[in-house]
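Peer 1: Have a look at this one before I ask anything.
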Amino acid sequence: MIRHIVLSSLLATTPACAGSSGAAPSGAALFTEHCASCHGEARLGGTGPALIPETLGRIKPEALQVVIAKGRVATQMAGFAETLSADEIAAVAAFIGEPLAETPEWHEADIAATREINADYRPATAPVFTADPMNITLVVETGDHHVSVLDGDTFAVLDRFATPFAVHGGPKFSPDGRFVFIMSRDGWVQKYDIWSLAEVGRVRAGLNSRNIAMSHDGKWLAVANYLPNTLTILSTEDLSVARVIDVKGHDGTPSRVSAVYQAPDRKSFVLALKDVPEIWEVATDPDAGPFHEGFVHSFEKGMEESLAAEQGLFARRRIALAAPIDDFFFDPGYRNLIGTNREGDRGVVVNLDVGREIADLPLPGMPHLGSGISWMRDGRRVMATPHLKEGVLSVIDMKSWEVVETIQTDGPGFFLRSHDNSPYVWADVFFGPHKDEMHVIDKQTLKIVKTLNPAPGKTVAHTEFTRDGRYALVSVWEDEGAVIVYDAKTLEEVKRLPMRKPSGKYNVWNKITFEDGTSH
């Protein structure tokens with residue numbers, strides 16, 4: 001069986017000899033002695049995950065010390081409270097919170113060396129369950145790094161499998177809905193066969209990664225990396241490396257990739273670059289291009305004379321911006337991209353056909369466009385986005401690019417969801433004292449019709465609908481949490497499923513059909 005490499009632990013896993021005595025314990029020395037065998041001499045991971053700030057995220061030093069002292073339940077992570085002093089534990093926690101001295105490299109050969117295919121995997125010729133395979137919903141449980149596979153009609157758990165540590169970004173399904181690909185913060189990509197209820201394999205595509213995207217034809221998976229500054233493209237068939245693209249601006253400045261999404265109508269991946277003012281479009285069409293970046297003498301067919309032209313599969317096209325963007329959203333035809341800059345005080349509309357900005361949007365309060373959705377209102381298409389720093393939802397007309405309504409909420413939210421068959425938008429209040437609320441908003445009047453409070457004092461977030469939109473699934477985002485099933489019309493609770501800190505939920509049909517009510 002495959003080694004569950006990243007699930008195994010958060011910190012050191014070997015309860016080795018007692019820590020060294022001394023007035024000023026060395027976190028580096030203690031890490032080398034107790035942690036490096038599992039997490040690597042350079043802290044970039046091994047049988048345990050990478051222990052670098054980019055992977056640990058917002059975990060506070062105090063929380064790290066607790067994990068080092070007590071270990072982690074249901075993993076190979078043992079506690080060190082009996083072998084290390086409090087000062088030594090604090091020193092280790094401080095050390096793993098320090099930035100790396102040098103930017104690490106992770107080349108094609110490094111990626112290929114991590115690739116593991118499950119020797120026990122046997123693809124089923126048909127689903128091994130009787131449930132509708134198009135109405136399967138995956139629930140990511142971050143409490144213990146698992147995914148539950150739910151029957152969307154009965155809500156029975158068909159399988160529960162281990163994932164890499166700290167899954168980040170939404171899972172991506174193959175166009176037929178059979179396979180799902182899951183990515184972790186430290187770059188592991190896992191392939192799972194829903195029909196067979198079995199893991200296929202996994203590979204480490206980067207050292208610190210943001211999200212993944214599926215190509216229009218299901219052949220390629222793009223991995224957006226912070227470390228190193230690359231875009232990794234994998235074959236979905238066998239997780240082999242198809243291409244590793246160094247990400248640098250036109251002037252040579254290296255950049256992290258903030259996000260990558262597929263644009264199926266354009267047969268491309270679209271990337272936001274965090275450190276340079278550019279968008280990249282990377283072709284998933286063998287006949288793409290040519291894309292010219294330098295001087296062009298003639299555009300006449302068969303007579304092109306130019307510098308720095310790319311064409312064919314994975315050809316890159318650059319689009320220059322006034323400022324970098326971190327997150328973005330597409331209109332339904334994938335002609336326009338709506339993005340936000342790193343300061344989060346404005347939005348910009350980029351027409352991908354002409355390759356330039358065409359409008360600005362006043363969107364203060366750090367809009368979270370990655371959770372944006374759109375729908376038809378009074379014969380016009382609108383989109384809405386939550387804001388991470390303000391208790392508002394911005395509703396934007398997608399023809400005039402004007403903000404037509406600002407909906408006041410009880411606090412900043414993180415996710416919006418709806419469904420074609422639902423008259424409502426579901427908006428969580430993720431941050432602040434009202435984190436236990438879920439607003440239900442009428443799509444036409446833009447008024448809050450009901451505020452749900454299913455778990456007072458606990459974080460309630462992220463809605464997903466079943467294939468037909470009949471039920472809405474909401475997370476109680478706690479370690480001893482739950483997925484609550486609501487009747488999407490009556491707004492009454494139907495069922496409560498205990499889960500370990502369930503975060504995102506992803507319905508196969510809604511995702512592969514690019515249902516308007518879900519982010520992509």
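The values are calculated or read from the model by the stated rules, or taken from the named source; none is laboratory data. What you see is a predicted model, and the numbers here were worked out from it, not measured in a lab. Reconstructed Cβ throughout: ideal geometry from the backbone, glycine too, with neighbour counts over all protein chains shown. Side chains included, ligands, DNA and RNA excluded: accessible areas come from the protein's heavy atoms. Shrake-Rupley method; radii C 1.70, N 1.55, O 1.52, S 1.80 Å.
Peer 1: Can you find even one residue in the range 455-467 that is under 20 Å from residue 160 (Cβ atoms), of a type in the set (Val, Ile, Thr) and open to solvent by less than 10 Å² (accessible area, probe 1.4 Å)? Spell out the reasoning first.
Peer 2: Kept after step one, since they are under 20 Å from residue 160 (Cβ atoms), are these residues of the range 455-467: 462, 464, 466.
Of the ones still in play, those that are also of a type in the set (Val, Ile, Thr) are 466.
Retained after the next criterion (residues that are open to solvent by less than 10 Å² (accessible area, probe 1.4 Å)): 466.
Checking the range 455-467: at least one residue is under 20 Å from residue 160 (Cβ atoms), of a type in the set (Val, Ile, Thr) and open to solvent by less than 10 Å² (accessible area, probe 1.4 Å).
Peer 1: Could you check residue 191 against (1) charged (D, E, K, R); (2) under 24 Å from residue 279 (Cα atoms); (3) in a strand (DSSP E or B) and say which number it fails?
Peer 2: If we test residue 191 against (1) charged (D, E, K, R); (2) under 24 Å from residue 279 (Cα atoms); (3) in a strand (DSSP E or B), just (2) comes out false.
A quick yes/no check of all residues on (1) at pLDDT 95 or above; (2) open to solvent by less than 10 Å² (accessible area, probe 1.4 Å); (3) more than 13 Å from the chain's Cα centre (by Cα):
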| position | (1), (2), (3) |
| --- | --- |
| 148 | yes, yes, yes |
| 170 | no, no, no |
| 181 | yes, yes, no |
| 190 | yes, yes, yes |
| 194 | yes, yes, yes |
| 221 | yes, yes, yes |
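Peer 1: If you don't mind, there's one more thing I want to ask. Could you tell me how many of the residues in the range 334-367 are touching a His at 6+ places or on another chain (Cβ under 7 Å) and in a loop (DSSP other than H, G, I, E, B)? Step through it out loud before you land on a result.
Peer 2: Residues of the range 334-367 touching a His at 6+ places or on another chain (Cβ under 7 Å): 365-367.
Now restrict to residues that are in a loop (DSSP other than H, G, I, E, B): 365-366.
Number satisfying all stated conditions: 2.
Peer 1: Would you point out the residue of the range 292-308, among those that are part of a strand (DSSP E or B) and open to solvent by less than 50 Å² (accessible area, probe 1.4 Å), that is modelled with the lowest pLDDT?
Peer 2: The first filter runs over the range 292-308 and keeps only residues part of a strand (DSSP E or B), leaving 292, 296-298, 305-306.
Applying the additional criterion that residues be open to solvent by less than 50 Å² (accessible area, probe 1.4 Å) yields 296, 298, 306.
Working: 296: 47, 298: 53, 306: 51.
Ranking the qualifying residues of the range 292-308, first place goes to 296.
Peer 1: I would also like to ask the following. State which residue is most open to solvent (accessible area, probe 1.4 Å) when the search covers only the range 368-380 and only residues that are assigned to a loop (DSSP other than H, G, I, E, B) and out of contact with any Phe, Trp or Tyr (no Cβ under 7 Å at 6 or more places or on another chain). Write out each step before concluding.
Peer 2: Applying the first criterion (assigned to a loop (DSSP other than H, G, I, E, B)) to the range 368-380 yields 368, 372, 378-379.
Within this subset, residues satisfying the condition of being out of contact with any Phe, Trp or Tyr (no Cβ under 7 Å at 6 or more places or on another chain) are 378-379.
Working: 378: 120, 379: 68 Å².
Going through the qualifying residues, I end up with 378.
Peer 1: Scanning the range 226-239 for residues that are hydroxyl-bearing (Ser, Thr, Tyr) and out of contact with any helix residue (DSSP H, G or I) (no Cβ under 7 Å at 6 or more places or on another chain), which turns out nearest to residue 122 (Cα to Cα)?
Peer 2: Of the residues in the range 226-239, the ones hydroxyl-bearing (Ser, Thr, Tyr) are 226, 230, 232, 235-236.
Restricting the remaining residues to those that are out of contact with any helix residue (DSSP H, G or I) (no Cβ under 7 Å at 6 or more places or on another chain) gives 230, 235-236.
Numbers: 230: 33, 235: 19, 236: 17 Å.
Among those that are hydroxyl-bearing (Ser, Thr, Tyr) and out of contact with any helix residue (DSSP H, G or I) (no Cβ under 7 Å at 6 or more places or on another chain), it is 236.
Peer 1: Under 6 Å between Cβ atoms, which residue pairs at least 6 apart in sequence (or on different chains) link something in the range 484-507 that is under 15 Å from residue 141 (Cβ atoms) with a partner that is surrounded by fewer than 20 Cβ atoms within 10 Å (Cβ to Cβ) and not charged (D, E, K, R)?
Peer 2: 484/454; 500/143; 501/143
Peer 1: Tally time: how many residues in the range 130-165 are part of a loop (DSSP other than H, G, I, E, B) and touching a helix residue (DSSP H, G or I) at 6+ places or on another chain (Cβ under 7 Å)? So that I can check it myself, show each step before the final result.
Peer 2: Within the range 130-165, the first condition is being part of a loop (DSSP other than H, G, I, E, B), and the residues that meet it are 130-132, 142-145, 152-156, 163-165.
The next check asks that each one be touching a helix residue (DSSP H, G or I) at 6+ places or on another chain (Cβ under 7 Å); those that pass are 152-153.
Of the residues in the range 130-165, 2 are part of a loop (DSSP other than H, G, I, E, B) and touching a helix residue (DSSP H, G or I) at 6+ places or on another chain (Cβ under 7 Å).
Peer 1: Does residue 127 meet the test of being part of a loop (DSSP other than H, G, I, E, B), open to solvent by 20 Å² or more (accessible area, probe 1.4 Å) and in contact with a strand residue (DSSP E or B) (Cβ under 7 Å, 6 or more places away or on another chain)? Spell out the reasoning first.
Peer 2: Values: part of a loop (DSSP other than H, G, I, E, B): yes; open to solvent by 20 Å² or more (accessible area, probe 1.4 Å): yes; in contact with a strand residue (DSSP E or B) (Cβ under 7 Å, 6 or more places away or on another chain): no.
For residue 127, the condition - part of a loop (DSSP other than H, G, I, E, B), open to solvent by 20 Å² or more (accessible area, probe 1.4 Å) and in contact with a strand residue (DSSP E or B) (Cβ under 7 Å, 6 or more places away or on another chain) - is not met.
Peer 1: If I filter the range 390-416 down to residues being open to solvent by 60 Å² or more (accessible area, probe 1.4 Å) and in a loop (DSSP other than H, G, I, E, B), which single residue comes out as nearest to residue 460 (Cα to Cα)?
Peer 2: Here the answer is 410.
Peer 1: Same structure again: Taking residue 281 as the residue in question, decide whether it is at pLDDT 95 or above, farther than 21 Å from residue 182 by Cβ and open to solvent by 10 Å² or more (accessible area, probe 1.4 Å).
Peer 2: Numbers: at pLDDT 95 or above: yes; farther than 21 Å from residue 182 by Cβ: yes; open to solvent by 10 Å² or more (accessible area, probe 1.4 Å): yes.
So residue 281 fits the description; yes.
Peer 1: Now a separate question. If you go through the range 453-505, how many residues are assigned to a loop (DSSP other than H, G, I, E, B), more than 17 Å from residue 414 (Cβ to Cβ) and among the β-branched types (Val, Ile, Thr)?
Peer 2: 2
Peer 1: Of all the residues that make up the range 254-273, how many are modelled with pLDDT of 95 or more and not in a strand (DSSP E or B)?
Peer 2: Residues in the range 254-273 being modelled with pLDDT of 95 or more and not in a strand (DSSP E or B): 4 in total.
Peer 1: Residue check: is residue 86 modelled with pLDDT under 95 and surrounded by 14 or more Cβ atoms within 10 Å (Cβ to Cβ)? Can you show your working first?
Peer 2: Working: modelled with pLDDT under 95: yes; surrounded by 14 or more Cβ atoms within 10 Å (Cβ to Cβ): no.
Considered against the rule, which asks whether it is modelled with pLDDT under 95 and surrounded by 14 or more Cβ atoms within 10 Å (Cβ to Cβ), residue 86 comes out as no.
Peer 1: Further question: Checking the condition farther than 30 Å from residue 291 by Cα and either hydroxyl-bearing (Ser, Thr, Tyr) or in contact with a Phe, Trp or Tyr (Cβ under 9 Å, 6 or more places away or on another chain) (or both), which residue from 411, 457, 469 passes? First the steps, then the outcome.
Peer 2: On the way: 457 fails: either hydroxyl-bearing (Ser, Thr, Tyr) or in contact with a Phe, Trp or Tyr (Cβ under 9 Å, 6 or more places away or on another chain) (or both); 469 fails: either hydroxyl-bearing (Ser, Thr, Tyr) or in contact with a Phe, Trp or Tyr (Cβ under 9 Å, 6 or more places away or on another chain) (or both).
From the options 411, 457, 469, the qualifying one is 411.
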